[in-house]
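What follows is calculated from the coordinates using simple rules that are stated; it is not laboratory data. Please read all numbers here as calculations on a predicted model, not as lab measurements. Cβ: placed from backbone, ideal geometry, glycine included. Neighbour counts: every protein chain shown.
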Protein chains: 2
Amino acid sequence: MAQLLVVGGGAAGMAAASRAKRLKKDLEVVVVERTRWVSFALCGMPYYLGCVVKRLSDLTYYPLSEFTEKRGIKVLLETEVVDIDYSGRKAVIRDVKNGGEKEIEWDYLLLATGAKSKAHRFFPEIKEASNIFVLSHLDVAEEARRYALSLGHGARAVIVGAGYVGLEVAENLASLGFKVTVIEALGQVAPRVLDPEFASEIKEHLEEKGVEVLTNAPVKGFKIVDGKAVAVETEKGNIEGDIFIVGVGIEPNVDLARRIGVKIGETGAIWVDEHMRTSLRDVYAAGDAVEHTDLVSGKRTWRPFAQIANKMGYVAGSNIAGREAVFPGSVGTSTFKVFDLVVARTGLSEEEAKEAGFKPFSVSLQGGTRAHYIPGRVPIKLKVVADEDTGKLLGAQAIGASETVLWRINVVAALLTTGATVWDLFYTDIGYAPPLAPVWDPLITAARLLMRKLGEKPRKA
Amino acid sequence: MAQLLVVGGGAAGMAAASRAKRLKKDLEVVVVERTRWVSFALCGMPYYLGCVVKRLSDLTYYPLSEFTEKRGIKVLLETEVVDIDYSGRKAVIRDVKNGGEKEIEWDYLLLATGAKSKAHRFFPEIKEASNIFVLSHLDVAEEARRYALSLGHGARAVIVGAGYVGLEVAENLASLGFKVTVIEALGQVAPRVLDPEFASEIKEHLEEKGVEVLTNAPVKGFKIVDGKAVAVETEKGNIEGDIFIVGVGIEPNVDLARRIGVKIGETGAIWVDEHMRTSLRDVYAAGDAVEHTDLVSGKRTWRPFAQIANKMGYVAGSNIAGREAVFPGSVGTSTFKVFDLVVARTGLSEEEAKEAGFKPFSVSLQGGTRAHYIPGRVPIKLKVVADEDTGKLLGAQAIGASETVLWRINVVAALLTTGATVWDLFYTDIGYAPPLAPVWDPLITAARLLMRKLGEKPRKA
């Protein structure tokens, strides 16, 4: 009986394992996972921290028995793969608790090793302090919450890194009564995600909610006294705190891939083709350790997002089971909510579009979520980027206190997926009803403004 | 100086007038409008009735002065076009108040004559009763509200016709304290808009909110006593009431078009090409009187929706001013909200797809608006239709107590606009964040289920 060895029990790993087993009942599927969790939703950790999510087990999509009993997958928890013999189709696994090692055979290998934080590499002193947390896994989230809740109301939380996870943590700790400071090395919150004019709205909103935001403040290190951090040392001075959460970016976990000689792509993540095959026969990879194609620029990209990891896993599992599937790529949609504000982006920013060889231009506008005469209309700000030569849509960003912000961006994402133009956006038949949308939706108005430069009549992109 | 005569000051007429004047400053633009309003939002009337919208003037997008003073458009209110001499490029207009007629010249003519209710044709006795209202225009809405508010709390309102306007009126009158009954000739609410399983959810929701719904009850007429209706006579018995609102469908207003010999299309609405040109040179048409192409089936269709009327007007105005624009068509997105429920559809139903020559199949599923572990997750029901031979997306319907219902349908609408497939939907990069969307969005799950039949790998549509 052929055996599939899945390294990593996160979204990609479990999606692939489930898919392969479903299609090929006689395939033996073994998942090796270092922690005590599979099918975990790391994105939910900020909400666990803020007690929006009560139980740690709520952050798994399925109980273990769903995989082991219902789907017939063998899962080895608290086990890690320490070595792989590619030509011999073997792997050495180790029990992380008692250290016992054993050998396991495989016919197909799936690397779903995910991503890891850069925090420990940047700040080795983190391990010396019991009150600095890097939210790399559910068990750390549990430890962080236990520690946070042991502190009194009004205790000081310092968040290093104003990426979207940092901002979600800021909201959640503020909601628990913490005095929260967010520290960012670069000049804006959510750098590399949003243009500055959107980032500045988020900063203002955070400040209105009582969160202090310090930008342009690279962190030099932590001041640690008796096993506890008491301050972050930044180029703008020391910031004291009682609990510290560090989110300074992640990188693909490619150690095992390198060990067996799998090709690493130009992004630093594992290279795969659109069947999720690595450069080595019978070795597949999926999830946050893996790069893929950006459908807008055609270039390789690394986007460690759960929805992409799931699709990659699904595609890898299909192909391993012999049912051909392809993962064409993504367009780079990301979104987050911080207090009342919803932020979303898709595709390329003007800057990224220029780098990718386009001739981008953009329009920005303020609009509303409903007909002007219906109460509860929420203002939203939208920016759409297109190529001047062809009218091809390139990207969009939006912000406002409405879930529909994400969905307006999703409409652009759908158009980007199919290589659509500004004219396609203008003629997209957005549904209209007074309590649900304005008759000229901001998306359509944006397209109309872009057409001023391009002309009213579609040309071939 | 060339002159453009616009017949009708609604969405299409004013969009065309504004666009033409903006592009061609030396064009004389005259709008002739029968009522005392231009740029009116008839879709807002139910909300005016329910006092959600306070002032009648809130239901116009711009004050008259925006058009006359700022945009330089001549507007003749309470004036109608009674005859047109096509070869002589003249029209006879009449003051609807004092009856005075005069002649006006034109070089370009735009027919934006809109739609009219079938109510008076079906029930000529309506005009004999002072308490039966057909919401055909803002002034009727004012009269209806005045009458409604003159009745005491708990008065009985009877709504004839369970189309989406009827349902919106039901919600609004119920919110004023009326005991509301909705009567529908066919077997479900929102017929021709939604499949029965969606309609039945709406009916249940209305009943939960205290609105009585009578389906399969064709109306034979009204029982009128002393100039007031006291009951509707239906095949299921008489339904008594104090105020009656009739919404039994609309039809394109093509009287003037027929008079001058403009071609009427197979749908019964004015035929135009994609430049919004009618069959007669220099005569354009736009809005609810006009048919266009359904982008999914390629067939002609008539969709009297405001967002389409606006785009048609924009395109007509551009072309009249000499700047080429095309209106490719629509995909049939429509949406409404009734109490807490949001309903939306786009494209073709399975039945319509079969009629259009496709080989449709569908999947239906229940999903949620957020990650399972975030409070406030709202259940939604979704149906997606695709073609079995090609995998081409054909349509979708959704329902749930969330604005995002419409936006999920808008994502499908965007894909339909570009002729996309089930695989395009699966790989659409929907943004994910726990408080905003589940990691497997219902849209993506629907695509995955459709792929079970089609295969995992895209084929050319």
Assign unit charges at the C-beta atoms only (+1 for Lys and Arg, -1 for Asp and Glu), then state the dipole size of chain B relative to its Cα centre in Debye, rounded to the nearest 20. 820 debye
Charged-residue dipole, Cβ positions (Lys, Arg, Asp, Glu), the protein assembly as shown about Cα centre, Debye nearest 20: 740 debye
Please list the radius of gyration and Dmax for the stretch B:119-248, considering alpha-carbon atoms only, with Å as the unit. 13.7, 42
Exam field: residue A:375 pseudo-label spacings to other copies (7 Å along Cα-Cβ), nanometres: 2.4
I'd like the antiparallel share, as a percent to the nearest 5, of DSSP beta bridges with both residues in the protein assembly as shown. 65 percent
Can you pull the three principal axis extents for the Cα set of chain B, in Å, largest first? 67, 57, 38
From the label point of residue A:152, set 7 Å from Cα along Cα→Cβ, how far away are the matching label points in the other copies, in nm, ordered shortest to longest? 6.2
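Could you pull out the longest piece of chain A with no exposed loop GluC sites (Glu not before Pro) in it, calling a site exposed if DSSP puts it outside H, G, I, E, B and it has at most 15 other Cβ atoms within 10 Å?
Details: sites that count: A:78, A:235, A:266, A:274, A:324, A:388.
Value returned for the longest uninterrupted segment is A:79-234.
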Pseudo-label separations to other copies for residue A:266 - Cα-to-Cβ vector, 7 Å, nm: 5.0
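Given the rule -39500 (n - 2.57) for each run of at least 4 DSSP H residues, summed and divided by the residues of chain B, what is its mean residue ellipticity at 222 nm, to the nearest 500 deg cm²/dmol? Write out the running numbers ahead of the final one.
Numbers: 12 runs with 120 residues, N = 461.
Helix-only estimate at 222 nm: -7500 deg cm²/dmol.
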Measuring from centroid to centroid over Cα atoms, what is the spacing of the stretch B:105-122 and the stretch B:402-443 in Å? 37 Å
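Go through the stretch B:94-194 and name the trypsin sites (Lys or Arg not before Pro) that are in a DSSP coil and have 13 or fewer other Cβ atoms within 10 Å of their Cβ. Walk me through the numbers on the way to the answer.
Working: sites: B:94, B:97, B:102, B:116, B:118, B:121, B:127, B:145, B:146, B:156, B:179, B:192; in loops: B:97, B:118, B:192.
Counting only loop positions with at most 13 other Cβ atoms within 10 Å, the trypsin sites (Lys or Arg not before Pro) in the stretch B:94-194 are B:97, B:192.
With contacts defined as alpha carbon pairs under 8 Å and 6 or more residues apart, what's the relative contact order of chain A in percent?
Values: 1064 pairs, mean separation 60.9, N = 461.
Across chain A, relative contact order equals 13 percent.
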Which one of A:427, A:252, A:86 is farthest out on the positive end of the charge dipole of the protein assembly as shown, using unit charges on Cβ (Lys, Arg +1; Asp, Glu -1) and the Cα centre as origin? A:86
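Find the eigenvalues of the gyration tensor of the Cα atoms of the stretch A:343-454, then list the square roots of 5 times those eigenvalues as equivalent ellipsoid semi-axes, largest first, in whole angstrom. Present the calculation step by step, with values, prior to reporting the outcome.
Details: eigenvalues 116, 37, 26 Å².
Taking √(5λ) for each Cα gyration eigenvalue gives 24, 14, 11 Å.
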Along the three principal axes, how long is the protein assembly as shown when you take its alpha carbons, biggest first, rounded to the nearest angstrom? 99, 58, 54
What's the center-to-center distance, using Cα atoms, between the stretch B:320-376 and the stretch A:382-401 in Å? 23 Å
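Report the charge-dipole magnitude of the stretch B:119-248 in Debye, nearest 20, computed about the Cα centre from +1 at each Lys and Arg Cβ and -1 at each Asp and Glu Cβ.
Numbers: 13 positive and 20 negative charges, 72 e Å.
In total the dipole reaches around 340 debye.
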